[in-house]
Amino acid sequence: MSSISPLAGQRADTSSLVNLPVLVSSYYSLHPDAGIAAHQVAFGTSGHRGSSLTCSFNEWHVLAITQAICEYRTENGITGPLFLGIDTHALSAPAFSSALEVLAANGVQTMIARGSPYTPTPAVSHAILMHNRAHPSALADGIVITPSHNPPDNGGFKYNTPNGGPADTNVTSWIEKRANVFLRDVVRNVKRIPFDRALRASSTHRYDYLETYVDDLPSIIDLAAIRDAGISIGVDPLGGAGVHYWGAIADRYDLKLEVVNREVDPTFRFVPQDWDGQIRMDPSSQYAMRELISLKDKFDIAFACDTDHDRHGIVTRSVGLMPSNHYLSAAVSYLFQHRPEWRAETGVGKTLVSSQMIDRVAAQLQRPLQEMPIGFKWFVAGLQDGSLGFGCEESAGASFLRFDGTPWSTDKDGITAALLAAEMTARTGRDPGEIYQSLTEQLGLPCNGRIEAAATPEQKKLLSGLSSDNVRSTELAGEKIRQILTTAPANDKAFGGVKIISDNGWFAARPSGTENIYKIYAESFRDESHLNSIFAEAQQIVSDALAGGAA
C-alpha cells in the first residue's frame, strides 16, 4: 500500500516548491476541454477541486460554476445575499476575482470580507445562519473558495446552501451539470463584468466576518473558564484563512494564547511535507504537524487548523498529537456532560469510517447515534434542527451546537473544535488525551488506522463499486463477519465502498472524493496484531477489486 517518503516531516527544498507565477498564469491561459472527463466540473464530497496546471481548476471552471450557482439561486427563489469567502491558496485570489465578476454581472448581493481578506469556512456558515435567522423571507447562501488541506497547486470551490452547510448531492449535481454546459460552450453565455467594476458595484458589500464570528464565540465556548484557568495555548494556523482570527480571539477574551507562526505564503514552505512528500496543510497528519508537536511541552494545550479552518488538530502534553478519532471521542464525552441546555434526545452523528469508540461513548451517555456516509453534508439537517449536538468525521472535522442547543455552524468548524480542547482542559483539569485515556479504561482500547495509496480515476471507479458479492470470506481476521455494509445505517445512502464488521473489528475501503488516492480504514478492539490482520485482508479485497477480480 502506501510507503512513507523519506521527506515526510521535513520542510520542502526551495526548488520543489510550487512555481506561483506559472500556477497563476495557467489559471488564465489554459482552457479546459469539456470533452475530457478530467477537465470537467466535478463536485466531490466537498466541492470542485483541481489544479490550473492540469486544466482541472482554471478561470473557465470558476466562471461556469458561479454562473450555474446564480441560475440555481434564481430557480430556487434564493433572494438574500451570498456570503463569499476565500482561503490562502494561490489560486483562491484569482478565483475570487472571477467569481465576483460573475456575481456582480448577475446582480447578486455579495458579501466580501472587510479587513482580513481571508475567511474561514465556519465564518461563512455562521454568517449564513445569522442572516437567515434574522431574515427568513430573504435567505442567504455562500461560496467558499478553498481546496481545504490539499497541496499548494490546488484550487477549490464549494457552495453552501441557505441551511449554512455544504450543498447536498442533488444541488451539486444540478450545478455541476449546468456548469459543464457552460464549459462546452466555452463560457460564451456566462455573464461577467470587469473586476474593478464588480468591486465598485452596488451589489458588492463589505462584511466583517472576523468581528461577527469572534464576538459570538461565548455562545458556544466557555472562554471565561479558559481565561480564569490561565492555561497556556499554542496555535499554528498552518498559513490558513484563520491566521488573523486567533490574535483577535486572544485579545478579545484575554487568553494566554500564542500564535506560533503568523506567516502566510501560498507556497506553504513552512509546512513540513506529508507522508508522500507533498505539502498538505493537514492538522491530523503527524508529519505536517511535526513542528507544533515539538512544542507540546511549552503549552498546556496546542492546536492547528487546515487552510480553510474547517479541520482541527489537537496537541496535548500527555500524548502529543491526538489521533482525530481519539479527540472526537473525548469531545463527545465532554460535551454531553457539560451542555445541560441541550435536549435529552439530542444525539451524536459520525461517519461510518469513524471509530466505534464514539458509538460506545454515545451508548454510555444514553444518546442516540447516527452513522452517516462520508461527507459533512449528511449532518447539516441534524445540526440545524438540534437533533444532533455533535457531528464529526474521522478526518478531523466536527461541529456542535451552541450552549442553548441552537446551531452555530452547519459546516465543519476547526476553530471551535480547537477551542473546545482548551475548555475541556480548563474545566476538568485534564487535557483531552487524559480524558480519552480514561474512556479506554472504561470502554476498551481500540487500535485503528488508515492507509492510502495512489489510484487512477478508473481504479477509484472500480473500488467504489465494491459490494458484498466481492467478499466471499465468512471471517475477518479470525472472527465471523457480522455485517457487510455498502450503505450507511442512518439513512441507507450508498457511500461508494464497503464496510465489513466483526465482533471486535472492522474495515472500510473507499476511494477519495477529492484526490487520486484510495483509503482503507480499520479498527480492532483487541490489539495491534489483530488490526494488522484486518488490514492485510482488506488489502487483498482492494487489490482484487483494482485488478478487476473478486475476493
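For region 410-422, the set of residues classified as farther than 19 Å from residue 320 by Cβ, outside any loop (DSSP other than H, G, I, E, B) and out of contact with any Leu (no Cβ under 8 Å at 6 or more places or on another chain) consists of 415 only. For region 173-203, residues that are open to solvent by 100 Å² or more (accessible area, probe 1.4 Å) and of a type in the set (D, E, K, R) total 7. Within the set 154, 163, the sole residue that is touching a Pro at 6+ places or on another chain (Cβ under 7 Å) and open to solvent by 10 Å² or more (accessible area, probe 1.4 Å) turns out to be 154. Scanning region 455-484 for residues that are touching a residue at least 24 places away in the same chain (Cβ under 8 Å), assigned to a strand (DSSP E or B) and surrounded by 12 or more Cβ atoms within 10 Å (Cβ to Cβ) gives 476, 479.
Against the numbered list (1) assigned to a loop (DSSP other than H, G, I, E, B); (2) in contact (Cβ under 8 Å) with a residue 12 or more places away in the chain; (3) loosely packed, with under 15 Cβ neighbours inside 10 Å, residue 206 comes up short only at (1). The condition (being out of contact with any strand residue (DSSP E or B) (no Cβ under 7 Å at 6 or more places or on another chain) and of a type outside the set (S, T, N, Q)) is satisfied by just one residue among 359, 306, 310: 306. Across region 425-458, the qualifying residues are those that are of a type in the set (D, E, K, R) and under 23 Å from residue 542 (Cα atoms), and the one among them that is farthest from the chain's Cα centre (by Cα) is 458. If you go through region 416-441 and keep only what is in contact with a helix residue (DSSP H, G or I) (Cβ under 7 Å, 6 or more places away or on another chain) and open to solvent by 30 Å² or more (accessible area, probe 1.4 Å), you end up with 427, 428. Find the residue count for region 383-402, including only residues that are within 11 Å of residue 346 (Cα to Cα) and open to solvent by 10 Å² or more (accessible area, probe 1.4 Å). Summing the residues that are within 11 Å of residue 346 (Cα to Cα) and open to solvent by 10 Å² or more (accessible area, probe 1.4 Å) in region 383-402 gives 2.
From the list 488, 509, the lone residue that is open to solvent by less than 50 Å² (accessible area, probe 1.4 Å), closer than 13 Å to residue 373 by Cβ, hydrophobic (A, V, I, L, M, F, W, C) and in contact (Cβ under 8 Å) with a residue 40 or more places away in the chain is 488.
Tallying residues that are touching a residue at least 40 places away in the same chain (Cβ under 8 Å) and either in a strand (DSSP E or B) or of a type in the set (Val, Ile, Thr) (or both) within region 223-259 yields 10.
Considering only region 39-57, state which residues are aromatic (Phe, Trp, Tyr) and at pLDDT below 95.
Filtering region 39-57 for residues aromatic (Phe, Trp, Tyr) gives 43, 57.
Scanning region 39-57 gives a single hit, 43.
Each row is one residue, and each column tells you yes or no for (1) surrounded by 24 or more Cβ atoms within 10 Å (Cβ to Cβ); (2) among the polar types (S, T, N, Q); (3) under 23 Å from the mean Cα position of the chain (by Cα); (4) farther than 14 Å from residue 212 by Cβ.
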position: 110; (1), (2), (3), (4): no, yes, no, yes
position: 117; (1), (2), (3), (4): no, no, yes, yes
position: 121; (1), (2), (3), (4): yes, yes, yes, yes
position: 125; (1), (2), (3), (4): yes, yes, yes, no
position: 137; (1), (2), (3), (4): no, yes, no, yes
position: 142; (1), (2), (3), (4): yes, no, yes, no
position: 145; (1), (2), (3), (4): yes, no, yes, yes
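Can you tell me how many residues within region 343-364 are open to solvent by 10 Å² or more (accessible area, probe 1.4 Å) and either over 20 Å from residue 523 (Cβ atoms) or in a loop (DSSP other than H, G, I, E, B) (or both)? Break it down into steps so the answer makes sense when it comes.
First pass over region 343-364, keeping only residues open to solvent by 10 Å² or more (accessible area, probe 1.4 Å): 343-345, 356, 359-360, 363-364.
In the following step, the residues that additionally are either over 20 Å from residue 523 (Cβ atoms) or in a loop (DSSP other than H, G, I, E, B) (or both) were identified as 343-345.
The number of residues fulfilling the criteria is 3.
Inspection of region 289-302 identifies no residue that is touching a residue at least 12 places away in the same chain (Cβ under 8 Å) and polar (S, T, N, Q).
The values are calculated or read from the model by the stated rules, or taken from the named source; none is laboratory data. What you see is a predicted model, and the numbers here were worked out from it, not measured in a lab. Cβ coordinates were reconstructed from backbone atoms using ideal geometry, including for glycine residues, and neighbour counts include every protein chain displayed. With ligands, DNA and RNA removed, areas are computed over all heavy atoms of the protein, side chains included. Shrake-Rupley method; radii C 1.70, N 1.55, O 1.52, S 1.80 Å.
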